[in-house]
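Asks: Take a look at the following structure, please.
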Amino acid sequence: MPELPEVETTRRGLAPHARRRRIVELAVYEPRLRWPVARELPRKVAGRRIERVGRRAKYLVLGLDDGNSMLVHLGMSGNLRVVPADTARLKHDHFDLKLDSGKALRFNDPRRFGSLLYADGDLRRHPLLKDLAPEPLTAAFDGEYLWRTTRGRRVAIKALLMNSHLVVGVGNIYASEALFRARIRPQRQARSLSRAEAARLARAVRAVLRMAIKAGGTTLRDYRGAEGDPGYFRQRLYVYERKGRPCRRCRTPVRALTQGQRSTYYCPTCQG
DNA sequence: ACGCCCTCCTGTTGGC
DNA sequence: TGCCAACAGGAGGGCG
């Protein structure tokens, strides 16, 4: 579900409520997430102040006043919302991070692919973060980088866009959308991209992520921001979920195909 | 190192 | 209406 724009939207919604707040209690109702929630986590974070609400790839990072951090990953169906702490719990509410404001950050995740992790000290050494590629919205990710890292790679460019060793934050929706905007077929071998195409694709990735953030992300079903509101980028999608419907640019019916057990959408006319 | 495939989990949808 | 299979936004891990 949530890709970079949705996680970033959640981060922005959370930040004003969480920053400088002290953690009164971490209440874990269901520790069986993607990674089991460590038993000692509530004890470690109780009483700490949240100093930073950040993001790395699709992880939300809560930086604590003791130099350690909590990481929250939303998985496919997760939401992290701000609620009054006494709000009645619903099905699939898995933990509450209760703050000294009387609010709680409440995590709901039907599929339980999300996670709540603790990282002591340097985030860059955390096992799940240490090998991640650059952020797409930083200067490190540009056409030259993309061209260089795709050399020799026989895998389809669409699959490579979703590989967090190449670039982070791009999932199934925005991979299709970026390739459409760059006018590149998703099935193309990554190594076949020209320098110009790599440059177009890098720009398209950045553009589509930026625009999606502006729209508050894409809500297909479950996604809600920190305040409970959906994202509005769905209505701006060019190909994703539009199989058989006319391309918004040229009216050719959009095609779907399966790559690595994931759906890909593209326009056979616009994407040469 | 690389590329492919499977897995975790629940809910929804579509076909019969 | 019921049943069952297919599919869904992630991504680690195992295999050849």
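Asks: Find the relative contact order for segment A:143-266 and round it to a whole percent, using C-alpha pairs within less than 8 Å whose residues are 6+ positions apart.
Replies: Relative contact order for segment A:143-266 comes out at 24 percent.
Asks: Now for a different question. Can you give me the span-like helices of chain A, meaning DSSP H runs with 15 Å or more of Cα extent along the axis and Kyte-Doolittle mean at or above -1.0?
Replies: TM-like helix candidates: A:4-18, A:172-182, A:195-214.
Asks: While we're here: What net charge do the residues around A:Asp86 carry, taking every other residue with its C-beta under 11 Å from that of A:Asp86, with Lys and Arg at +1 and Asp and Glu at -1?
Replies: Computed value for this residue: +2.
Asks: Tell me, in nm to one decimal, what length is gained between A:Asn163 and A:Asp122 on full extension, where the rule is 0.36 nm per residue of separation less the Cα-Cα distance?
Replies: Gain on stretching A:Asn163 to A:Asp122: 12.4 nm.
Asks: Here is a further query. Work through the residues other than A:Pro5 whose Cβ is under 9 Å from its Cβ and net out their charges, Lys, Arg +1 and Asp, Glu -1.
Replies: -1
Asks: Average the reciprocal distances over every distinct pair of alpha-carbons in chain A, invert the result, and give the Kirkwood radius in Å.
Replies: About 19.4 Å, per the Kirkwood formula over Cα pairs.
Asks: Let me check I have the definition right: for segment A:164-228, take the eigenvalues of the Cα gyration tensor, multiply each by 5, take square roots. What are those semi-axes in whole Å, largest first?
Replies: In descending order, the three semi-axes are 26, 12, 10 Å.
Asks: Then there's this: Where does each of A:198-204, A:89-95 land if you order them by average Cβ count within 10 Å, highest first?
Replies: A:198-204, A:89-95
Asks: Tell me, in nm to one decimal, what length is gained between A:Glu40 and A:Ala256 on full extension, where the rule is 0.36 nm per residue of separation less the Cα-Cα distance?
Replies: Length gained, A:Glu40 through A:Ala256: 73.2 nm.
Asks: Taking the Cα centroid of segment A:217-261 and of segment A:82-138, what is the distance between the two, rounded to the nearest whole Å?
Replies: If we compute the Cα centre of each part, the gap is 26 Å.
Asks: May I pose another question? Averaging sequence separations of C-alpha pairs under 8 Å and six or more residues apart, then dividing by the length of chain A, give the relative contact order as a whole percent.
Replies: It rounds to 19 percent for chain A.
Asks: Further question on the same structure: Taking the Cα centre of segment A:4-125 as origin, sum charge times position over the Cβ atoms of Lys and Arg (+1) and Asp and Glu (-1), and report the length of that vector in debye to the nearest 20.
Replies: Roughly 200 debye, rounded to the nearest 20.
Asks: Right, here's the next one. What net charge is computed for the residues neighbouring A:Glu197, neighbours being all others with C-beta under 10 Å from the C-beta of A:Glu197, Lys and Arg scored +1, Asp and Glu -1?
Replies: Net charge around A:Glu197: +4.
Asks: Just tell me which aspartates and glutamates come within less than 18 Å, Cα to Cα, of A:Lys130; anything on the same chain fewer than 8 places away is out.
Replies: Result set, ordered by chain and number: A:Asp120, A:Asp122.
Asks: For an R0 of 22 angstrom, estimate the FRET efficiency from the Cβ-Cβ distance between A:Arg248 and A:Arg12 and round to the nearest 0.05.
Replies: Here the calculated transfer efficiency is 0.20.
Asks: Check A:Arg56: other-chain or 5+ apart residues with amide H under 5 Å from its amide H, H built from backbone geometry?
Replies: For A:Arg56, the qualifying residues are A:Val61.
Asks: Still on this structure, please answer the following. If each DSSP helix of 4+ residues adds -39,500 (n - 2.57) and the sum is divided by the residues in chain A, what number results at 222 nm, nearest 500 deg cm²/dmol?
Replies: Only helices count here, giving -7000 deg cm²/dmol.
Asks: Now for a separate question. Would you kindly derive the ³J(HN,Hα) couplings of segment A:80-87 from the backbone phi angles with the Karplus curve 6.51 cos²θ - 1.76 cosθ + 1.60 (θ = phi - 60°), listing them in order in whole Hz, with x for Gly and Pro?
Replies: Going residue by residue, I get 10, 10, 8, 9, x, 4, 8, 4 Hz, with x marking Gly and Pro.
Asks: Still on this structure: Sorting A:Trp147, A:Trp35 on the 10 Å Cβ count, fewest up front, what's the list?
Replies: The fewest-first ordering by Cβ neighbours comes to A:Trp35, A:Trp147.
Asks: Next question. Give, rounded to the nearest 20 debye, the magnitude of the charge dipole that chain A has about its Cα centre when Lys and Arg contribute +1 at Cβ and Asp and Glu contribute -1 at Cβ.
Replies: That gives a dipole near 1180 debye.
Asks: If you don't mind, there's one more thing I want to ask. As I understand it, the dipole of chain A uses +1 on the Cβ of Lys and Arg and -1 on the Cβ of Asp and Glu, about the Cα centre. Which of A:Pro5, A:Cys270, A:Tyr59 lies farthest toward its positive end?
Replies: Farthest along the dipole direction, towards plus: A:Cys270.
Asks: Moving on to the next point. With charges only on Cβ, +1 for K and R and -1 for D and E, what is the dipole size of segment A:201-268 about its Cα centre, in debye, rounded to 20?
Replies: 400
Asks: Here's a follow-up. Please give, to one decimal in nm, the separation of the simple spin-label points placed at A:Asp100 and A:Ala139, each 7 Å out from Cα toward the Cβ.
Replies: Using points 7 Å along Cα→Cβ, the separation is 3.8 nm.
Asks: From the residues A:Ala202, A:Gln187, A:Gln235, which one has its Cα farthest along the dipole of segment A:143-266 in the positive direction, the dipole being from +1 and -1 charges on Cβ of Lys/Arg and Asp/Glu about the Cα centre?
Replies: Going by the charge dipole, the pick is A:Gln187.
Asks: Another question about this same structure. Calculate, in nm to one decimal, what A:Asp86 and A:Arg19 gain on full extension: separation in residues at 0.36 nm each, minus their alpha carbon distance.
Replies: 22.1 nm
Asks: While we're looking at this one, here's another question. Work out the charge dipole of segment A:7-75 with +1 on the Cβ of Lys and Arg and -1 on the Cβ of Asp and Glu about the Cα centre, then indicate which of A:Ala15, A:Asn68, A:Ala27 is farthest towards its positive end.
Replies: A:Ala15
Where a number appears in this text, it was derived from the coordinates with a stated rule and is not lab data. Quantities reported herein were computed from a predicted structural model and do not represent experimental measurements. Here the Cβ is made from the backbone with ideal geometry for all residues, glycine too, and neighbour counts use every protein chain on show.
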